[in-house]
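The values are calculated or read from the model by the stated rules, or taken from the named source; none is laboratory data. All values reported here derive from a predicted model rather than from experimental measurement. Cβ coordinates were reconstructed from backbone atoms using ideal geometry, including for glycine residues, and neighbour counts include every protein chain displayed. For accessibility, only protein heavy atoms count, side chains too; no ligands or nucleic acids. Shrake-Rupley method; radii C 1.70, N 1.55, O 1.52, S 1.80 Å.
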Amino acid sequence: MARAFLVVMDSVGIGGARDAASYFNGDLPDIGANTLAHIAQACAAGQAEDGRSGPLYLPHMERLGLGAAMRLASSVPFPGFVAEPVGLWGAANEVSPGKDTPTGHWELAGLPVPWQWHFFPETVPAFTADLVEYVATMAGGDGILGNCHASGTAIIAKHGAEHMRTGKPICYTSADSVFQIAAHEETFGLDRLLALCAAVAPRLHDMKVGRVIARPFIGNANAGFTRTSNRRDYAIKPPAPILTNWVQDAGQRVHAIGKIGDIFTMEGIDTLAKGPDAQLMKHLREKVETAEDGSLTFANFVEFDSLYGHRRDVSGYARALEWFDVEIGKILTALKPDDVMILTADHGNDPTWPGTDHTRERVPVLIAGAGQGGIGQVAFADVAASIAQHLGVKNQGRGRSFL
């Protein structure tokens, strides 16, 4: 019986979004943003030499059709990637109003976002007085720190010592629809931080804020502060059944790897494995070896986005891509004859672009195990429809299968 593996390379966009002019980094529209093409250009120009060298080298994804998908998505020039594809390939367009993680994943799972997310203004303060009072009360204190748009590492460096002294949580946001709470794992307590985020999440969700994110950290003012891997996202529950529900309701198993459990609030998910990307790749390999017939394995590799895209680290992003290509190449050879694996992304995050926000882009759709050729430009929701057809479950979304 067939199995399916859906692998999201978080933020690995390929440019060309038709509505890029409506999305911004600061005052600059995302027109022309292209995560992969601009990384390839920088590598070829010798501008991404930290920990790696030379042109961007992704032979396994190139053979699946990555270069062809990039040429289909936009006219931004890029060097290399001329191998003849041996897989199915295309580029996907997003229709939901957003360029964030939940929006992209919901739509890939068959559910375009049915509302406008709430975004906090780029003002100081960013949050209303009543929301601040509510969060402070739930935290058991008399105030918060931060209350602005900020980089997570920068705001922890700025307020970490005061937080440890006063116990006030550090609250901040970004260009995404998020409310983030940072707190020290030892002086504030990890369990207390998670409980606080869980407690305030319903109010933020009522406002249509997509996620409340717990951002624990350790360290001190002298040694510096470091965020830990115990981040947790408290996301709005999808308002309708999604791909994971379709599969589970058909009596088939669903395995989540990485942020998938958080993004979908564990809807339709049987098992969850978390950790850094290197560990997640091991979990993916294990599922290729052991997952049941008829199962869906849904994985997200977030470090392209979290460690390199937002930080505008071109070399780091290129290193991560080349590492991923090597590892996914090993996994592709282990697929069974009836398996399908789809590699795609949820949005862009061009590390050469001004600002620190995601970029509105088309994304690649690379399919192993389903023949050879181009599928053209498709919709994000077509990914869910295609997996549903492959697994023999009912498509309850708006997409159409390209398989």
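Quick notes
- Candidates in segment 103-117 are the residues that are open to solvent by less than 10 Å² (accessible area, probe 1.4 Å) and closer than 15 Å to residue 357 by Cβ; of these, the one that is nearest to the chain's Cα centre (by Cα) is 104.
- The set of residues in segment 25-40 that are free of Cβ contacts under 8 Å to residues at least 24 places away in the same chain and hydrophobic (A, V, I, L, M, F, W, C) contains only 31.
- Number of positions in segment 177-222 that are in contact with a Gly (Cβ under 9 Å, 6 or more places away or on another chain), assigned to a strand (DSSP E or B) and open to solvent by 20 Å² or more (accessible area, probe 1.4 Å): 3
- Exactly one residue out of 173, 244 is within 24 Å of the chain's Cα centre (by Cα), modelled with pLDDT of 95 or more, in the same structural domain as residue 98 (by the TED database) and surrounded by 21 or more Cβ atoms within 10 Å (Cβ to Cβ): that is 244.
- The criterion of at least 1 residues that are under 19 Å from residue 329 (Cα atoms) and not aliphatic (A, V, I, L, M) is met, among helices (runs of 4 or more DSSP H) falling completely within segment 231-298, by 277-290.
- Of all residues in segment 370-385, those satisfying the criterion of being among the small types (Gly, Ala, Ser) and either closer than 15 Å to residue 106 by Cα or part of a loop (DSSP other than H, G, I, E, B) (or both) are 370, 371, 379, 381, 384, 385.
Conditions (1) assigned by the TED database to the domain that holds residue 107; (2) part of a loop (DSSP other than H, G, I, E, B); (3) on the phi > 0 side of the Ramachandran plot, marked per residue:
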{"site": "16", "(1), (2), (3)": "yes, yes, yes"}
{"site": "32", "(1), (2), (3)": "yes, yes, yes"}
{"site": "36", "(1), (2), (3)": "yes, no, no"}
{"site": "47", "(1), (2), (3)": "yes, yes, no"}
{"site": "51", "(1), (2), (3)": "yes, yes, yes"}
{"site": "61", "(1), (2), (3)": "yes, no, no"}
{"site": "69", "(1), (2), (3)": "yes, no, no"}
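- Pairs meeting the criteria (first residue in segment 283-294 and more than 13 Å from residue 327 (Cβ to Cβ) and open to solvent by less than 10 Å² (accessible area, probe 1.4 Å), second residue at pLDDT 95 or above and of a type in the set (D, E, K, R), beta carbons under 7 Å, at least 6 apart or on different chains) are 291/3; 294/3.
- Residue in segment 150-160 that is farther than 25 Å from residue 263 by Cβ and of a type in the set (Lys, Arg) present: yes
- Pairs, first in the same structural domain as residue 341 (by the TED database) and modelled with pLDDT under 95 in segment 310-329, second surrounded by fewer than 20 Cβ atoms within 10 Å (Cβ to Cβ) and assigned to a helix (DSSP H, G or I), C-beta under 9 Å, six or more apart: 310/152; 311/153
- If you go through segment 129-164 and keep only what is open to solvent by 50 Å² or more (accessible area, probe 1.4 Å), among the polar types (S, T, N, Q) and either outside the structural domain of residue 198 (by the TED database) or not in a loop (DSSP other than H, G, I, E, B) (or both), you end up with 137, 153.
- Residue check for residue 52: charged (D, E, K, R) and open to solvent by 10 Å² or more (accessible area, probe 1.4 Å): yes
- Of the residues 343, 307, the single one that is open to solvent by less than 20 Å² (accessible area, probe 1.4 Å) and under 24 Å from residue 60 (Cβ atoms) is 343.
- Residue 329 falls short on exactly one of the conditions (1) of a type in the set (Gly, Ala, Ser); (2) assigned to a helix (DSSP H, G or I); (3) crowded, with 20+ Cβ neighbours inside 10 Å, and that condition is (3).
- Checking residue 355 against (1) modelled with pLDDT under 95; (2) in a strand (DSSP E or B), the condition it does not meet: (2)
- Number of the condition not met by residue 93 [criteria: (1) open to solvent by 50 Å² or more (accessible area, probe 1.4 Å); (2) in contact (Cβ under 8 Å) with a residue 40 or more places away in the chain; (3) within 26 Å of the chain's Cα centre (by Cα)]: (1)
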